[in-house]
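First comes the structure, then the notes that go with it.
The values are calculated or read from the model by the stated rules, or taken from the named source; none is laboratory data. Predicted model only: the values in this text are computed from it and were never measured. Note that each Cβ is placed from the backbone with ideal geometry, even for glycine, and that neighbours are counted across all protein chains shown.
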Amino acid sequence: MTEREPIGVVGAGWVGLVTATCFAELGHRVVVREILPEKVQSLRRGELPIHEPGLPELIERNGERLTFTTEMVELLDGPRLLFICVQTPPTYSGDADLSAVQRAVEEIGEPNGKALVMKSTVPVGTGRTIMRDAPGLAYVSCPEFLREGTAVRDFLEPDRVVVGSQPEHGWAADAVEAVYEPLGAPIVRTDVSSAEMIKLASNAYLATKISFINEIANVCDEVGADVTEVARGMGLDPRIGSRFLNAGLGFGGSCFPKDTQALKILAGNSGYHFQLLSAVIEVNELQKRRVMAKLRKHLDSLVGKRVALLGLAFKPDTDDMREASSLVLAARLEGEGASVVAFDPIAEARARELLPSVEMAPSALEATDGADAVILVTEWPQFVELDWAEVARRMNTPLLVDGRNFLDPEAVRSAGITYEAIGRPSLGDPGSRVAPGDARARDSATREMKEEAER
Ligand code: UGA
């Protein structure tokens, strides 16, 4: 193998670790600078601070090409390309907090012949500001499009790689392009601001798709159609596409909620009211609450009731609890007087800190013990395999709300459990079935749901 460009990565968070490890897999020597000494020590021992399928194996295989350090100087002595992979969490106002980016830029300074490659998601204009303040540094915007849980595959088999630069930093953009070239993906060469906008617009569009299908699901609840059938029929049109059309409790995680807010604020600050995106965010917030009305349809009051949450993480294959629907649901249930018990295969440790009053069960089955309702919050594949007859025996009231339209309704119902889903009214318990187009069937529960969502 020909000698490949050495690379520096700033930040050993989720993006930084996946990026650094995948570059090592492509044959690069990678130095990762992480500010937290304890993190560096555990990484040197081979312990990973995050759960990401496939990553431990890849780190082990490429260990000799990966170096972890707390010292920025080790990066500055070596590679030309410094990939910035630090967090840009939302501030209270919803703007992106760029303090970690600013600190990294200050620490790097303006050493000769180096390029700063921005992987972190930043507001449009950030690159322009950095280029103005550090004119001695070349700058490239190369946003990441990784999904938690499938990040390694997303990195090694990308749909596209976006490389944004100004003409005077063309050498740096060429070098970044050469790094990604073996992956064989289309490379989008563009200017810095457009590259920054591609990232924000992509996340905002995907979030819009989710809120759109959730609104369709809510209408399906009213008119007796099945949103999963609707999505199947829509998705076969290649102009629409079937991905990101799963209705449910809405989007969470560290990216969509943050990036939709950030884009809305960015537009607002520049004098444009991004009406559509405001609605996307609002629909997402209300969506989590619709479950409450579905519960009330069957349980007169939640006071003193025991409700089990299956899954806590914002999605499967991660232990990430940021903006997880479970947080909103648990607070809402407890606020209405219910006690909450939960099970998640891997997010329990992180969840404990955020949900101190929620009882953590050792297994999904045990979570259902004595429960008056079960809500499926995260679509962990193992939940499909649950013994529903056993669940029914253990529950106090056999009621299940499938917040992700994930389970086989027949399997659940044949065990004698009342099954409720999102936008699939005809699959409800026989007593609450809604005939398609039957106006009389839009029962009080639907009205109640609307009231709940508006509350
Ligand atoms: C998202 C994007 O998909 C990545 O391309 C992007 O790189 C990343 O944000 C980021 O900006 O770093 P991620 O947040 O890991 O990735 O997770 P997704 O798989 O996109 O799911 C986000 C949320 O949407 C989850 O809560 C998921 O349950 C929900 N979702 C997703 C739905 O409710 N319905 C769907 O059809 C798809």
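If the condition is being away from the ligand (no atom under 14 Å from the Cβ) and among the aliphatic types (A, V, I, L, M), then the range 196-222 contributes only 219.
Would you mind stating whether residue 369 is touching a residue at least 24 places away in the same chain (Cβ under 8 Å), surrounded by 18 or more Cβ atoms within 10 Å (Cβ to Cβ) and not β-branched (Val, Ile, Thr)? When the stated conditions are applied, residue 369 does not pass them.
This table checks each residue for (1) out of contact with any Asp or Glu (no Cβ under 7 Å at 6 or more places or on another chain); (2) in the same structural domain as residue 324 (by TED's automatic domain parsing); (3) closer than 14 Å to residue 210 by Cα.
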{"position": "258", "(1), (2), (3)": "yes, no, no"}
{"position": "262", "(1), (2), (3)": "no, no, no"}
{"position": "267", "(1), (2), (3)": "yes, no, no"}
{"position": "279", "(1), (2), (3)": "yes, no, yes"}
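Take residue 132 and tell me if it is of a type in the set (D, E, K, R) and either under 27 Å from the mean Cα position of the chain (by Cα) or more than 22 Å from residue 99 (Cα to Cα) (or both). The answer is no for residue 132.
Evaluate the range 277-290: report whether one residue or more is of a type in the set (Asp, Glu), in contact (Cβ under 8 Å) with a residue 24 or more places away in the chain and within 23 Å of residue 357 (Cα to Cα). Checked against the condition, which is being of a type in the set (Asp, Glu), in contact (Cβ under 8 Å) with a residue 24 or more places away in the chain and within 23 Å of residue 357 (Cα to Cα), the range 277-290 yields at least one hit.
Any residue that is of a type in the set (S, T, N, Q), surrounded by fewer than 17 Cβ atoms within 10 Å (Cβ to Cβ), assigned to a helix (DSSP H, G or I) and under 28 Å from the mean Cα position of the chain (by Cα) - is there at least one of those in the range 14-24? Checked the range 14-24: no residue is of a type in the set (S, T, N, Q), surrounded by fewer than 17 Cβ atoms within 10 Å (Cβ to Cβ), assigned to a helix (DSSP H, G or I) and under 28 Å from the mean Cα position of the chain (by Cα). Being farther than 20 Å from residue 7 by Cα, buried (at least 20 other Cβ atoms within 10 Å of the Cβ) and of a type in the set (Gly, Ala, Ser) is a condition met by at least one residue of the range 95-105. Counting only residues that are touching a Ser or Thr at 6+ places or on another chain (Cβ under 7 Å) and β-branched (Val, Ile, Thr), the range 329-377 holds 2 of them.
Selection over the range 133-154 of residues that are near the ligand (Cβ under 10 Å from one of its atoms) and closer than 23 Å to residue 115 by Cβ gives a count of 4.
Taken over the range 249-302, residues that are assigned to a loop (DSSP other than H, G, I, E, B) and of a type in the set (Asp, Glu) amount to 1. Residue 140 meets the stated requirement of being surrounded by 21 or more Cβ atoms within 10 Å (Cβ to Cβ), at pLDDT 95 or above, closer than 14 Å to residue 127 by Cβ and in contact with a helix residue (DSSP H, G or I) (Cβ under 6 Å, 6 or more places away or on another chain). In this structure, residue 400 does not qualify as outside the structural domain of residue 248 (by TED's automatic domain parsing), of a type outside the set (Asp, Glu) and part of a loop (DSSP other than H, G, I, E, B). Whenever a residue of the range 25-41 is at positive phi, its partners that are at pLDDT below 95 and not in a strand (DSSP E or B), lying with C-beta atoms within less than 8 angstrom and at least six residues away or across chains, give the pairs 27/1; 27/4. For the range 25-55, filtered to residues that are in a helix (DSSP H, G or I) and among the acidic types (Asp, Glu), the residue that is nearest to the ligand (Cβ to nearest atom) is 25. With respect to being surrounded by 15 or more Cβ atoms within 10 Å (Cβ to Cβ), among the hydroxyl-bearing types (Ser, Thr, Tyr), closer than 30 Å to residue 406 by Cβ and not assigned by TED's automatic domain parsing to the domain that holds residue 79, residue 150 falls outside the description. Taking residue 200, is it more than 21 Å from residue 378 (Cα to Cα), under 15 Å from the mean Cα position of the chain (by Cα) and modelled with pLDDT of 95 or more? It is true that residue 200 is more than 21 Å from residue 378 (Cα to Cα), under 15 Å from the mean Cα position of the chain (by Cα) and modelled with pLDDT of 95 or more. Condition check for residue 262 on (1) more than 30 Å from residue 396 (Cα to Cα); (2) more than 14 Å from the ligand (Cβ to nearest atom): one failure, at (2).
Within the range 223-259, being within 11 Å of the ligand (Cβ to nearest atom) and among the basic types (Lys, Arg) holds for 243, 258.
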